[in-house]
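Asks: I'd like to ask you about the structure that follows.
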Amino acid sequence: MSGPPFEKLVIASHNKGKLSEIAALLAPFGVTVVSAGDFGLPEPKETEDNFAGNARIKAHFAASKTGLPALSDDSGIVVDALNGAPGVYTADWAETDNGRDFTMAMTRVWNEVSEKGPDAPLSAAFHCTLCLAMPDGSDQIFAGKVDGTLVWPMRGDRGFGFDPMFQPLGHNITFAEMDPDAKHLISHRADAFAKFVAACFG
């Protein structure tokens, strides 16, 4: 391929942490990245019970409103001891009247796992599903995952979301203790992006 399949891409997210990670991952490909917020778009209601469904809602909404290709990311942490919760409701667990409080959300996760007893598994995984939607209504889905273990108390002040309580397999530090570049290499988002890049820029 002589050049990127599109020169400008709307990131269908208002999450600054996600936006910075996605911009860094796309930087080598010469694509101009703009956010849904740059267009003043509201966040559509996520009404599906799976990552792919919610990713499609966000990407198609942004593509239809801007006339540009749009990339959305629906992601969350899946905790085995909680039967997959919070999953697609990861951000909802952090919602308060004053914005999102992930310390509160992580505390809730740990408390609920602890209530399961000392033999409750601490295994968890971060999932990331990307949807690339085109203005003509077509789309592609790319799913990524990273397995790990819950740790408590929280550790690290880098990253965002549930990063301070998630230690990826094969490492002895949490995502929030990692250098961001190191995290980008192994994260669930990086896994999904590798598939996205192979399909669009390979």
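Asks: Can you put Val10, Val78, Val197 in order, fewest other beta carbons within 10 Å first?
Replies: Val197, Val78, Val10
Asks: Identify which of Ala192, Ala62, Ala94 has the largest mean-square fluctuation in a Gaussian network model of the chain, with springs joining Cα atoms closer than 10 Å.
Replies: Evaluated over the chain, the most mobile residue of the options is Ala94.
Asks: To continue, here is another question. Among bridges DSSP assigns within the chain, what percent are antiparallel (round to 5)?
Replies: In the chain, DSSP labels about 80 percent of beta bridges as antiparallel.
Asks: Can you tell me how much longer the chain between Glu7 and Arg100 gets when fully stretched, taken as 0.36 nm per residue apart minus their C-alpha distance, in nm with one decimal?
Replies: Contour length minus Cα-Cα distance gives 30.2 nm.
Asks: Let me ask another. Just to confirm my numbers, what's the Cα centroid distance between the stretch 1-55 and the stretch 115-194 in Å?
Replies: Comparing the Cα centres of the stretch 1-55 and the stretch 115-194, I get a distance of 18 Å.
Asks: Could I ask something else about it? Report the full-extension gain for the segment Asp38 to Ala23: residue separation times 0.36 nm, less the Cα-Cα distance, to one decimal in nm.
Replies: My answer for the length gained is 4.0 nm.
Asks: Quick one: if you take sqrt(5λ) for each eigenvalue of the C-alpha gyration tensor of the chain, what semi-axes come out, biggest first, whole angstrom?
Replies: Taking √(5λ) for each Cα gyration eigenvalue gives 30, 18, 15 Å.
Asks: Report ³J(HN,Hα) in whole Hz for each residue of the stretch 83-91, in order, from the Karplus equation J = 6.51 cos²θ - 1.76 cosθ + 1.60 where θ = phi - 60°; Gly and Pro get x.
Replies: Each residue of the stretch 83-91 in turn: 6, x, 6, x, x, 5, 9, 3, 5 Hz.
Asks: If you take the charge dipole of the chain about its Cα centre, with +1 on Lys and Arg Cβ and -1 on Asp and Glu Cβ, which of Val78, Pro44, Ile22 is farthest toward its positive end?
Replies: Projecting each Cα onto the dipole axis, the largest value belongs to Ile22.
Asks: Taking 8 Å as the Cα distance limit and 6 or more residues as the minimum spacing, I'd like the relative contact order of the stretch 1-118 as a percentage.
Replies: 21 percent
Asks: Suppose a student asked you for the relative contact order of the chain, using Cα pairs under 8 Å spaced at least 6 residues apart; what percent would you report?
Replies: Taking the mean separation of contacting Cα pairs over the length of the chain, I get 19 percent.
Asks: Subtracting the Cα-Cα distance from 0.36 nm times the residue separation, let me have the gained length for Val197 to Ser138 in nm, one decimal.
Replies: Answer, rounded to one decimal: 19.5 nm.
Asks: May I ask you to derive the FRET efficiency for Trp152 and Asn50 from their Cβ-Cβ distance with R0 = 30 Å, giving the value to the nearest 0.05?
Replies: The pair Trp152/Asn50 has a calculated efficiency of 0.60.
Asks: Within the set Lys65/Lys183; Lys8/Lys145; Lys45/Lys116, which residue pairs have Cα atoms separated by over 29 Å?
Replies: Lys65/Lys183; Lys45/Lys116
Asks: Here is a follow-up. Quick one: among Asp74, Asp163, Asp181, which has the greatest mean-square fluctuation in a GNM of the chain with alpha-carbon springs under 10 angstrom?
Replies: Asp181
Asks: Compute the relative contact order of the stretch 22-89 as a whole-number percentage, counting only Cα pairs closer than 8 Å that sit 6 or more residues apart in sequence.
Replies: 20 percent
Just so you know, all these numbers are worked out from the coordinates, no wet-lab data involved. Quantities reported herein were computed from a predicted structural model and do not represent experimental measurements. Backbone-built Cβ (ideal geometry, glycine too); neighbour counts: all protein chains shown.
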